[in-house]
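The structure appears below as structure tokens.
The values are calculated or read from the model by the stated rules, or taken from the named source; none is laboratory data. Computed from a predicted model, the values in this text were never measured in an experiment. Backbone-built Cβ (ideal geometry, glycine too); neighbour counts: all protein chains shown.
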Amino acid sequence: MTTASEPYVLNIGPQHPSTHGVFRLRVVMDGERIQDIDMVVGYLHRSMEKLAEERTYTQNIPFTDRTDYLAAMSNNLGYCLAVERLADVEVPERASYLRVIFAELQRLASHSMANGTFINDAGAWQTPLMYMFREREKILDLFEMTCGARLTTNYMRIGGVAFDPPPEFYPAIESLIDEMPTRIAEYTELLVDNEILIARARGIGVLTAAEAINGSITGPMLRASGVPWDLRKAEPYCAYDQFDFEIPVGHTGDCYDRFMVRLEEMRQSVRIIRQALDGLPSGPHKTEIPLALRPAPGEAYARVEGPRGELGFYVVSDGGPAPARFHIRAPSLINLSLLRQMAVGAALPDAIVTLGSTDIVVGEIDR
Amino acid sequence: MTAALDPIRAARVPLTGAKLVIGVIALVILAGIAGGVGFLVVSGALDGHWYDLRDLGIPIAHLRGWLDEQNKAQPAQLHDLLGDHWISYLTTALIGAIGILSFVGGVLLVLIWVERRLIGRIQVRRGPNRVGPYGLLQPVADAIKLIQKEVLIPNGADRFLFFLPPILVFIPGLLVWGPVPWAPNMNYLDLNVGVLYLIAISSLATIAIFIAGWSSNNHYALLGAMRTVAMMISYEIPLSMALVAVVLMTGSMQLSQIVQWQADHNVWLGALMPLALFTFFFSSTAELNRTPNDIAEAESEIVAGFRTEYFGMKFGLFYAVELGNAVAVGAFVTAFFLGGWSLFGLEQWIPPYLIFAVKVSSVYFVLVWLRGTLPRFRLDQLMAFAWKYLIPINLANTVLVAIEVTAFNHSSLPGVVSLGAIGVVNLVFTVWVARRWARFLGYRPETEHVLHPSLQTQVGGLRAAERLRASS
């Protein structure tokens, strides 16, 4: 027996526990099945790319913190790399190592958050999230120790990093990365074999490798779909070519693979930090550059492997102290663009889990 | 590790003088109460028969006798109309109702705190610890806050129906406490059809929840209500089947008799029939909307489900009833499956209601533990679990239990041997049928389970992806 039904519109967001920010999904549903999804973005738009044209290159660094506020270090790094490429600034080796350490710490923090909120979306009432927050908190303490800020770090500088870490930083980070593998093992024990999580995430929101590449998906989502692509290997920046690490690659491209890839990347990040700490060279942490940097007219694009994917910064100079044009390739926005493809036809809870597994940060989507 | 790296230690508040004084006063008051009660017990107050709360029955019996005398003094027409003992019935009913109300209310105030503290500990945080000693007054503060809130009705809501559900869910929430067997002869409502009563009462809340979802004029609320109704109706069936097994085994629908049977045979029905215990417990979590079956108010999906538009004290009532029902489920799991007030003869020495309370708290603790640990199922998975899995295997279980009971009643073996045999058979059957039926339904853990990501050192594009796919 079938009963007559008609589709209705459900607004998920702008205020909703699972949109992770102010972002709205306009979902056309028939019962619990999703017929269409319309993504409405822009609630957090701050016009950063335009504002950047009024400020000097150094003044723009704090803006990059505020795009992806869960991965401020990676954003700082990408922007600084772009400006360094534009102005031909040499970076001391110690600064490169410190950049790697902080970018990887940021990846750990961001992946903790991503996996925690993903499990939260799957319905585990806050517990895994709080566990992962515990480790993230320690990483933010390290940031605070070094640069005084926890979230919007503003740590990288054009030509290096702002501060050398204080002496108490080293024992703290040592104990953290010694502890981290046992913590990751704890998450594995709690979640990886969990029947309910497997039932909720296996085979949900599948993206094949071809679809992911066509959709310009990057980061853990692309790797979960089975494509071994990581900018840290493919186009090493900073000192990544000197470290030994592996790229985790998923099998099916479903939500569960994305979760597992992130978990494995956390292990690899710990490996990289360990090597970078062991090989941390001495020397200056920064090259002195003029306060009002005036690069020769030209353009530069630098990209880094952020926690969410390929984070690109495009800067154009007209010879003045401020960029003539500034653009951010935000992985959150591009990864989100395939949500419709992944979620239409699924049930509402599946769409929420899929959205959680794409790991968006609304500050980066809207910029 | 530096202090900054240990947020818990850094957040620890030093013990100030004022706190110390308050703590000491609270301790003295508690000690005074405990001492007074102890003195009453030891000094043999109340006719010298005072042993525990059960013996409150002595003064109550006196009261009833007196009331019956008053009854006789009534005019004959009233006798004819209302029966011989109407005053005493009315009085005891009122006393019992007030007792249950105050007990449930008091327990709720404590349990809100307990649940939040436990969840806090499970989630490596501290839980409420600011209002009162150890945050014990937090529920009171919450209640005051909820009462103070402005009463708002969403635009387009059906005003009358919108007001109704919080009251409607509260009634079964209290009625369900009637047949709880606290201790021998300590039941408020010892019905001889107690099990039927329970099943009937527990399905009443469904209507209230559906009204709540419909009248709110909100898509989330409607979705939540539809989910709740679907789930509650589905899980009524396995829940009733688990109780059928209990009734078959004990030969009674009276809760006091069910507990008495377990006490007489020195066995817990849960150990005898693990499948029925699991079914009852799991179905109860579905009826309660608790993790892993909290899809009706799945926070990450439909915000708060049927009660999205309810706040203030209306929300408070829903919340209180849900919590009270969780404790009631603890009470019924205890009564049906964990031996009720009996503890292998120890009930002679320990007040039985204490044994009962400890067992109820343990079941409640398991509920909180589950809530703090597990993710949530999807609606269709839950429904499939009820209809395709629980109902068939419980049907088989019912047949098996019926055969066992017949054999048990006709055998001349000593009770220990035959009950032991029943327990072993049921355990083996449970494990076997649970695995076989899952296989039959297509559950293949070895192929579906964990596939760890492969670790690569070479980057590549689509071709590399295809190569990897072919090799795995």
TODO: Among the residues of the stretch B:273-308, write down those that are more than 14 Å from the chain's Cα centre (by Cα), at pLDDT below 85 and away from chain A (no Cβ under 13 Å).
DONE: B:PHE306, B:ARG307
Open item on the list: Taking the condition of being among the charged types (D, E, K, R) and under 27 Å from A:THR188 (Cβ atoms), how many residues in the stretch A:261-315 meet it?
Closed with: 9
- [ ] Give B:LEU367, B:LEU413, B:LEU354, B:LEU419 a once-over and let me know the one that is in contact with a His (Cβ under 9 Å, 6 or more places away or on another chain) and assigned by TED's automatic domain parsing to the domain that holds B:ASP264.
- [x] B:LEU419
Open item on the list: Suppose we keep only residues that are within 13 Å of another protein chain (Cβ to nearest Cβ) and of a type outside the set (Ser, Thr, Tyr) within the stretch A:143-164. Which one would you say is surrounded by the fewest Cβ atoms within 10 Å (Cβ to Cβ)?
Closed with: A:GLY148
Open item on the list: Within the stretch B:309-349, take every residue that is outside any helix (DSSP H, G or I) and over 24 Å from B:GLN254 (Cβ atoms) and give me the one that is farthest from the chain's Cα centre (by Cα).
Closed with: B:TRP349
- [ ] Mind listing just one residue for me: the one in the stretch B:437-465 that is at pLDDT 75 or above, at the interface with another protein chain (Cβ under 7 Å from one of its Cβ atoms) and part of a helix (DSSP H, G or I) and, of those, surrounded by the most Cβ atoms within 10 Å (Cβ to Cβ)?
- [x] B:ALA465
Task: Residue selected from the stretch A:172-185 under the condition of a type outside the set (Gly, Ala, Ser) and out of contact with any helix residue (DSSP H, G or I) (no Cβ under 7 Å at 6 or more places or on another chain), by the criterion farthest from A:ILE273 (Cα to Cα) - done: A:THR182
Open item on the list: Among the listed residues A:ARG136, A:ARG55, identify the single one that is of a type in the set (Lys, Arg) and more than 14 Å from chain B (Cβ to nearest Cβ).
Closed with: A:ARG55
TODO: State yes or no: is B:ALA434 at pLDDT below 80 and either in contact with a His (Cβ under 9 Å, 6 or more places away or on another chain) or within 14 Å of chain A (Cβ to nearest Cβ) (or both)?
DONE: no
Open item on the list: Quick test of your reading of the structure: A:LEU191 fulfils all but one of (1) buried (at least 17 other Cβ atoms within 10 Å of the Cβ); (2) facing chain B (nearest Cβ under 7 Å); (3) modelled with pLDDT under 90. Name the failing condition by number.
Closed with: (2)
Task: Check on A:ARG24, within 12 Å of chain B (Cβ to nearest Cβ) and of a type in the set (Lys, Arg) - done: no
TODO: Only one of these is crowded, with 24+ Cβ neighbours inside 10 Å and either over 18 Å from A:MET113 (Cβ atoms) or within 24 Å of the chain's Cα centre (by Cα) (or both): A:ALA296, A:ALA300, A:ALA351. Name it.
DONE: A:ALA351
Open item on the list: I'd like to know if the stretch A:199-210 contains one or more residues that are small (Gly, Ala, Ser), within 30 Å of A:ARG340 (Cβ to Cβ), in contact with a Leu (Cβ under 8 Å, 6 or more places away or on another chain) and within 13 Å of chain B (Cβ to nearest Cβ).
Closed with: yes
Task: Evaluation of B:TRP387 against (1) away from chain A (no Cβ under 14 Å); (2) surrounded by 13 or more Cβ atoms within 10 Å (Cβ to Cβ); (3) in a loop (DSSP other than H, G, I, E, B) (one fails), failing number - done: (3)
TODO: Assess whether A:ALA224 counts as being in contact with a helix residue (DSSP H, G or I) (Cβ under 6 Å, 6 or more places away or on another chain) and under 21 Å from A:SER112 (Cβ atoms).
DONE: yes
TODO: Pull up the stretch A:211-253, narrow it to residues that are aromatic (Phe, Trp, Tyr) and assigned to a loop (DSSP other than H, G, I, E, B), then point me to the one that is farthest from the other protein chains (Cβ to nearest Cβ).
DONE: A:TYR237
Open item on the list: So for the stretch B:429-436 (the condition being under 30 Å from A:ASP241 (Cα atoms) and either touching a residue at least 60 places away in the same chain (Cβ under 8 Å) or over 31 Å from the mean Cα position of the chain (by Cα) (or both)), does at least one residue qualify?
Closed with: no
Task: Evaluation of A:LEU108 against (1) out of contact with any Lys or Arg (no Cβ under 6 Å at 6 or more places or on another chain); (2) within 13 Å of chain B (Cβ to nearest Cβ); (3) part of a helix (DSSP H, G or I); (4) under 30 Å from B:LEU370 (Cα atoms) (one fails), failing number - done: (2)
